[in-house]
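Beneath this line is the structure, given in structure tokens, with notes to follow.
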Amino acid sequence: MNNIHVFGELCTRCKGRLWCGLPKCPILESVKDYLPRIRLSSGSIYGPSPPSIFVGRFGYPNVLAGPLVTEKREALFSSTKELYGKTFGDILSRTASLIRTVKRVNVKKMKGRIVESSQEIAMSERALDTEIWIEKLYGYGDVDDYFHPTGPRIEPRKIDVVDNPLIPRKVDMLVEERLKATTAIYELYSYGYDVDYLQRLLSSGILGRERKLVPTRWSITAVDDIISRKLLQNVREYDEIGEIEYYFNSFMGNDFHIILIPGNWEYEMIESWLRGSLYSPSTSTLGEDYEPFEGRKDYASNITGAYYAARLAAVEYLSRRRKQAKVLIYREIKPEYKIPLGVWVIRETVRNAFLKKPVKFREIDMAIMFAENKSRVKRWSKKSKILRNMKLQKKLEDFMR
């Protein structure tokens, strides 16, 4: 069912953003059959929120928002880091057990118990028991390219957070100070707070000077981008690495070939959806996004959220090493990736790639040949701006001699 491609290559570039003009993505609708069904036994739910919330984007600025709650305590996870390395079935059984509690709210007005509950849950470092009385139940679970899958959606008649939230003093202080959201996010990251935690703080509308709810998919990319940009201010000043380094990692049908090249910071991500994979038409298609040393100002619309998630992982690694490099990442998505699990898959797979020992090369051509021999799509490197720029620079150097 995941091979429904209504508009050919447009589906690969769109990735569920509804460029086709349809009210719902037929590909994402078809893969919902993979989600386990959740049956609710009564007119109310009592259970913990991981803690987690979800803010939709459709209808903006009047969006559906609310906390996620589960009746399966054994399925709890506080961060998507905990999902890395798990099986496809285990990931779905955990994420799809999370029931989305939603009410239509204005992102700027943020009034009512649903918003207050979401903010309490977002700020808490531990799971909070929550009781919800159900007004309406909307059967199936949901999938999204940015956020992990979730279970059925309910509209609550009443909602009570039973526990007291465990809010870190540092978070409480920054919320009171009303710092710019970018400043608060990076300061909390520097103190060791998890990316998932920062994303839900931003989404819940408690950060910044002019406060409002932020759709979850926007907050995920915003946090990845904010932290990367801040770290890059130092990374661009570091010495470059001494050799070409190749890293590889694979998870959930996503193969990552990562090449670090001596030189000033540049970043590029190329991805290929293989024939038969989630969004691909009858043939494999390549997409690419790039940024030069000074960065990019526009959104990476070809690779979208995966671009920023992978960039954060790469910049974190260079920051730890106090080095800079040109970073070329090739992601190959195979048919095994049956359902979008969220950009955490990209972030955590690239982070874990850098825990492995790299293969080193003296010549870039040898590194590319090595990577392409390990990938199904050959000659993907012809798409690379980084490699094209390197060849042009070589020719200029030869001319100047």
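Evaluate the following for Val315: is it modelled with pLDDT of 95 or more and crowded, with 20+ Cβ neighbours inside 10 Å? Quick ask: steps written out before the conclusion?
Numbers: modelled with pLDDT of 95 or more: yes; crowded, with 20+ Cβ neighbours inside 10 Å: yes.
Here the answer is yes, as Val315 does meet what is asked.
Yes/no matrix, rows are residues, columns are (1) surrounded by fewer than 21 Cβ atoms within 10 Å (Cβ to Cβ); (2) assigned to a loop (DSSP other than H, G, I, E, B); (3) at positive phi; (4) touching a residue at least 40 places away in the same chain (Cβ under 8 Å):
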| position | (1), (2), (3), (4) |
| --- | --- |
| Pro23 | yes, yes, no, no |
| Leu40 | yes, yes, no, yes |
| Pro51 | no, yes, no, yes |
| Ala65 | no, no, no, yes |
| Ser78 | yes, yes, no, yes |
| Gly89 | yes, no, no, no |
Checking Pro36 against (1) touching a residue at least 24 places away in the same chain (Cβ under 8 Å); (2) touching a helix residue (DSSP H, G or I) at 6+ places or on another chain (Cβ under 8 Å); (3) not in a loop (DSSP other than H, G, I, E, B), only one condition comes out false. Which one? (3)
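Which one is surrounded by the fewest Cβ atoms within 10 Å (Cβ to Cβ), of the residues in segment 8-21 that are under 22 Å from the mean Cα position of the chain (by Cα) and in a helix (DSSP H, G or I)?
At the first step, the residues of segment 8-21 found to be under 22 Å from the mean Cα position of the chain (by Cα) are 10-19.
Now restrict to residues that are in a helix (DSSP H, G or I): 10-14.
Working: Leu10: 13, Cys11: 23, Thr12: 24, Arg13: 17, Cys14: 16.
Top of the filtered list is Leu10.
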Return the residues of segment 155-182 that are surrounded by 16 or more Cβ atoms within 10 Å (Cβ to Cβ) and under 23 Å from the mean Cα position of the chain (by Cα); say none if nothing qualifies. Val171, Ala181, Thr182
Could you give me the residue pairs with C-beta distances under 8 Å whose first residue belongs to segment 159-171 and is more than 12 Å from Gly47 (Cβ to Cβ), whose second residue is of a type in the set (Phe, Trp, Tyr) and loosely packed, with under 14 Cβ neighbours inside 10 Å wherever it lies, and which are 6+ apart or on separate chains? Lys170/Tyr191
Could you list, ordered by first residue, the pairs with Cβ atoms under 6 Å in which the first is in segment 268-279 and more than 22 Å from Leu387 (Cβ to Cβ) and the second is surrounded by 24 or more Cβ atoms within 10 Å (Cβ to Cβ) and of a type outside the set (Ser, Thr, Tyr), at least 6 apart or interchain? Tyr279/Trp273
Identify, please: which residue in segment 95-109 is under 25 Å from the mean Cα position of the chain (by Cα) and in a loop (DSSP other than H, G, I, E, B) and is, among those, nearest to Asp142 (Cα to Cα)? Ala96
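Report yes if some residue within segment 127-137 is part of a loop (DSSP other than H, G, I, E, B), within 29 Å of Gly59 (Cα to Cα) and open to solvent by 10 Å² or more (accessible area, probe 1.4 Å); otherwise report no. Before the answer, list the steps.
Quick first cut of segment 127-137, residues part of a loop (DSSP other than H, G, I, E, B) only: 127.
So of that shortlist, the ones also within 29 Å of Gly59 (Cα to Cα) come out as none.
No.
Residue by residue, here is whether (1) over 17 Å from Ile206 (Cβ atoms); (2) of a type in the set (D, E, K, R) holds:
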{"residue": "Pro48", "(1), (2)": "yes, no"}
{"residue": "Ile53", "(1), (2)": "no, no"}
{"residue": "Arg57", "(1), (2)": "yes, yes"}
{"residue": "Ala65", "(1), (2)": "no, no"}
{"residue": "Glu71", "(1), (2)": "yes, yes"}
{"residue": "Ser78", "(1), (2)": "yes, no"}
{"residue": "Phe88", "(1), (2)": "yes, no"}
{"residue": "Ile99", "(1), (2)": "yes, no"}
{"residue": "Lys103", "(1), (2)": "yes, yes"}
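One line per residue, one yes/no per condition, for (1) of a type outside the set (Ser, Thr, Tyr); (2) touching a residue at least 60 places away in the same chain (Cβ under 8 Å):
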| site | (1), (2) |
| --- | --- |
| Met173 | yes, no |
| Ser190 | no, no |
| Tyr197 | no, yes |
| Glu240 | yes, yes |
Which of the residues spanning segment 367-391 are aliphatic (A, V, I, L, M) and in contact (Cβ under 8 Å) with a residue 12 or more places away in the chain? Ala367, Ile368, Ala371, Val377, Ile386, Leu387, Met390
Taking Tyr279 and the conditions (1) crowded, with 22+ Cβ neighbours inside 10 Å; (2) out of contact with any His (no Cβ under 9 Å at 6 or more places or on another chain), which numbered condition does it fall short on, given that it satisfies the others? (2)
Inspect segment 376-392 for any residue being out of contact with any Leu (no Cβ under 8 Å at 6 or more places or on another chain), within 13 Å of Ile258 (Cα to Cα) and not in a helix (DSSP H, G or I) and give the result as yes or no. no
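Restricting attention to segment 293-338, which residues are in a loop (DSSP other than H, G, I, E, B), closer than 16 Å to Asp255 by Cα and touching a residue at least 40 places away in the same chain (Cβ under 8 Å)? Give the steps one after another, and end with the answer.
As a first pass, look at segment 293-338 and keep what is in a loop (DSSP other than H, G, I, E, B): 293-304, 322, 325, 334-338.
Filter once more, so that each one left must be closer than 16 Å to Asp255 by Cα: 303, 334-338.
Across segment 293-338, the qualifying residues are Lys334, Pro335, Glu336, Tyr337, Lys338.
For segment 326-335, does any single residue satisfy the condition of being open to solvent by less than 30 Å² (accessible area, probe 1.4 Å), over 17 Å from the mean Cα position of the chain (by Cα) and hydrophobic (A, V, I, L, M, F, W, C)?
In the first step, residues of segment 326-335 are kept if they are open to solvent by less than 30 Å² (accessible area, probe 1.4 Å); the result is 326-334.
Imposing the further condition that a residue be over 17 Å from the mean Cα position of the chain (by Cα) reduces the set to 326-328, 334.
Okay, now just the ones that are also hydrophobic (A, V, I, L, M, F, W, C), so 327-328.
Yes, the conditions are met somewhere in segment 326-335.
The values are calculated or read from the model by the stated rules, or taken from the named source; none is laboratory data. None of these values were measured; they are calculated from a predicted model. Backbone-built Cβ (ideal geometry, glycine too); neighbour counts: all protein chains shown. When the accessible area is computed, the model is the full protein with side chains, heavy atoms only, and any ligands, DNA or RNA have been set aside. Shrake-Rupley method; radii C 1.70, N 1.55, O 1.52, S 1.80 Å.
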